[in-house]
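Below is one structure, written out as structure tokens; comments come after it.
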Amino acid sequence: MSKLITVIPGDGVGPEVMDATLAIIQASGAKIEWETCHAGASIFKQGLPTGVPQSTLDSINKTRVVLKGPLETPIGYGEKSANVTLRKLFETYGNIRPVRELPGVTTPYTGRGIDLVVVRENVEDLYAGIEHLQTPSVAQCLKVISEKGCEKIVRLGFEFARSQGRKRVHCASKSNIMKMTEGLLKRTFETIASEYPDIESAHIIVDNCAHQLVKKPEQFDVIITTNMNGDILSDLTSALIGGLGFAPSANLGQNIAIFEAVHGSAPKYTGQNSINPTALIFSGVMMLRHLGEFAAANAIEQAVIVTLESGVLTRDVVGDAKATSTTDFTQAIIRNLGKTSPQYPSRDYKAISLSKVTTKPASTPAKRSVIGVDVFVESELSPEALGKALEGTLQGLDVVLKLIDNRGTKVYPSPGTQLDCVNAFRARIFKTESESNLSDAVILEILTRIGREHRWCHVEKLQDFDGKLSFTKAQGED
Ligand code: NAP
């Protein structure tokens, strides 16, 4: 029986790479039917701010499998990315981005045997997209990372490694600086790694990971990382094997999968019949394996390899003079269906099992108390003047102004250094020893008093969970 999938051709070069991919899948004999839907630029232009119409959501809800071309994102302000909207609305929490050295595609790394996968968390982190202007000239973006999200991506990474017989999993994080958010991924990784004794595991700081990927990429097998890190690292890893034209991806969630190239709409190549369609073709191969069409998947993968080995290459690999057009490249792959490359055997792929994480979070404190509050204040005053003013404002309440910082660095009481302050300050206010808990009533009184003299724009409770502080110190805070 044929399987129905949702196809979104996408923007820019999307329709060209999608036509190539669908022609090859059709020629492979895979039992697939598609329903074509739209999202992205054409939909934004119709005035729909999400860029994803209901008819597309309905189709995905029905098919649960999507092959998607790149979608253009308006840059700077206004509408959200339709890509991110799709990933988040369907909670495709894991983004799998494999790269493998390809025959015929010569790079400075040729012969090193690069064969690695970035497993990128796909719905949390800075991509939660919770951004505000704290003041007219100071912007913030919340980095939201949950224990559940970490557990899901770490388990997916290990299960994926097992399903492909991979032996080594790294966790790449910036936990040395962002101890609570990135640190949560590291701690979760280290806990769960013990459940996979058959797989070697190691943590690496993400900047060193980037450095090591350029220096000695063959040491990596699977890299689990947060959303933003994964976005950047996976563009880097695609460059190691020939560029974005060769980098496929799968966005996976419970009972939902969206397959797409890592690259975007590459607008400067639109309509030129010169773009490399391999990344989407390989995404289609990943989709076929997801659907259990292993024979068709292997046949297409091998046909692409044989084509590359024969020297039929697109502009991105050989330059304009020797380039094969997108459509001729596609026809060459179709002609090579059924041939195999002895140098590049397909892996023995198995379905990935996505473990359900339904238990309540491990971190459920028996005791919690509010010990203070961070109030973010817009002010043109000097730190000294603002500090003195706030101390006056808080007089008579059972609280103390511990410090004021500017972009996370203590400026009051003066640490003896000079900072080029901006007009968004954070006032860290603690309850006094005599109080066991800072009540909401006192917090409201603090805000009301501060609000009479200054503009406050944001407030954050400072909590204690079973003796563990729920916040990090400011730079320079003792
Ligand atoms: P891009 O479209 O990925 O293109 C960047 C560069 O990568 C191209 O100029 C080209 O490099 C190379 N490239 C990309 N795809 C290629 C292919 N198939 N074959 C050969 N080379 C390829 O990135 P962008 O220009 O930053 O983004 C354009 C738009 O796409 C933006 O609106 C962005 O938001 C969106 N985007 C969407 C997705 C998605 O749908 N998942 C992902 C990323 C970006 P050379 O210039 O060196 O030839």
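The values are calculated or read from the model by the stated rules, or taken from the named source; none is laboratory data. Bear in mind the structure is a predicted one, so any value in this text is a computation, not a measurement. Neighbour counts run over all protein chains shown; Cβ positions are idealised from the backbone, glycine included. SASA here: full protein model, heavy atoms, side chains in, ligands and nucleic acids out. Shrake-Rupley method; radii C 1.70, N 1.55, O 1.52, S 1.80 Å.
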Grab the other residues whose beta carbon is less than 15 angstrom from that of residue 271, score K and R as +1, D and E as -1, and report the net.
-> -2
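Please grab the % of Cα pairs in region 108-234 that end up more than 18 Å from each other.
53 percent
Return the FRET efficiency for the residue pair residue 177, residue 58: r is the Cβ-Cβ distance, R0 is 60 Å, and the value is rounded to the nearest 0.05. Don't jump to the answer; show the numbers that get you there.
Numbers: r = 43 Å, r/R0 = 0.71.
The formula returns an efficiency of 0.90 here.
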At q = 0.34 Å⁻¹, what is the base-10 log of I(q)/I(0) for region 244-285 according to the Debye formula with one equal point scatterer per Cα and no solvent? Please give it to two decimals.
-> -1.12
For the chain, what is the accessible area per residue in Å² when the probe is 1.4 Å?
-> 45 Å²
What does the helix-only formula give at 222 nm for the chain: each DSSP H stretch with n ≥ 4 adding -39500 (n - 2.57), the total divided by the residues, and the result rounded to the nearest 500 deg cm²/dmol?
-> -10500 deg cm²/dmol
When the accessible area of the chain is computed with all protein chains present and a 1.4 Å probe, what percentage of it is carbon and sulfur?
-> 53 percent
Work out the FRET efficiency for residue 389 and residue 422 from their Cβ-Cβ distance, taking R0 = 25 Å, and round it to the nearest 0.05.
-> 0.90
Given Cβ charges of +1 for Lys and Arg and -1 for Asp and Glu, the option among 113, 137, 272 whose Cα lies farthest towards the positive end of the dipole of the chain is 113
Determine which residues of region 359-399 fall in the zone a paramagnetic label at residue 137 would reach in this model, i.e. backbone nitrogen under 12 Å from the point 7 Å along Cα→Cβ.
-> 379-381
Where both residues lie in the chain, what percent of DSSP beta bridges are antiparallel, nearest 5?
-> 65 percent
How many nm is it between the label spots at residue 347 and residue 380, if each spot is 7 Å from the Cα in line with the beta carbon?
-> 5.9 nm
Rounding to the nearest 20 debye, state how big the charge dipole of the chain is about its Cα centre with +1 on each Lys and Arg Cβ and -1 on each Asp and Glu Cβ.
-> 840 debye
With a 1.4 Å probe and all protein chains in place, put 456, 34 in order of accessible area, largest first.
-> 456, 34
Subtract the Cα-Cα distance of residue 414 and residue 335 from 0.36 nm times their separation in residues, and report this length gain in nm to one decimal.
-> 21.1 nm
Considering the options 240, 447, 283, tell which one lies farthest towards the positive end of the dipole of the chain, charges being +1 on Lys and Arg and -1 on Asp and Glu at the Cβ, about the Cα centre.
-> 283
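Normalised by the empirical 2.2 N^0.38 Å for globular proteins, what value does the Cα Rg of region 368-469 take?
1.04
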List the residues of region 178-204 whose backbone N lies under 14 Å from a point placed 7 Å from the Cα of residue 211 along the Cα-to-Cβ direction.
-> 204
Quick one: which of 440-451, 12-23 comes out on top by average Cβ neighbours within 10 Å, and what's the full order, highest first?
-> 12-23, 440-451
Roughly how many nanometres apart are two label points built 7 Å out from the Cα toward the Cβ at residue 436 and residue 295?
-> 7.2 nm
List every residue whose amide H lies under 5 Å from the amide H of residue 224, counting only residues 5 or more places away in sequence or on a different chain, with H placed 1.01 Å from N in the peptide plane.
-> 119, 170, 171, 172
What are the extents of the Cα atoms of the chain along their three principal axes, listed from largest to smallest and rounded to whole Å?
-> 83, 52, 44
Please work out the FRET efficiency for the pair residue 100 and residue 48, using the Cβ-Cβ distance as r and a Förster radius of 51 Å; give the result to the nearest 0.05.
-> 0.85
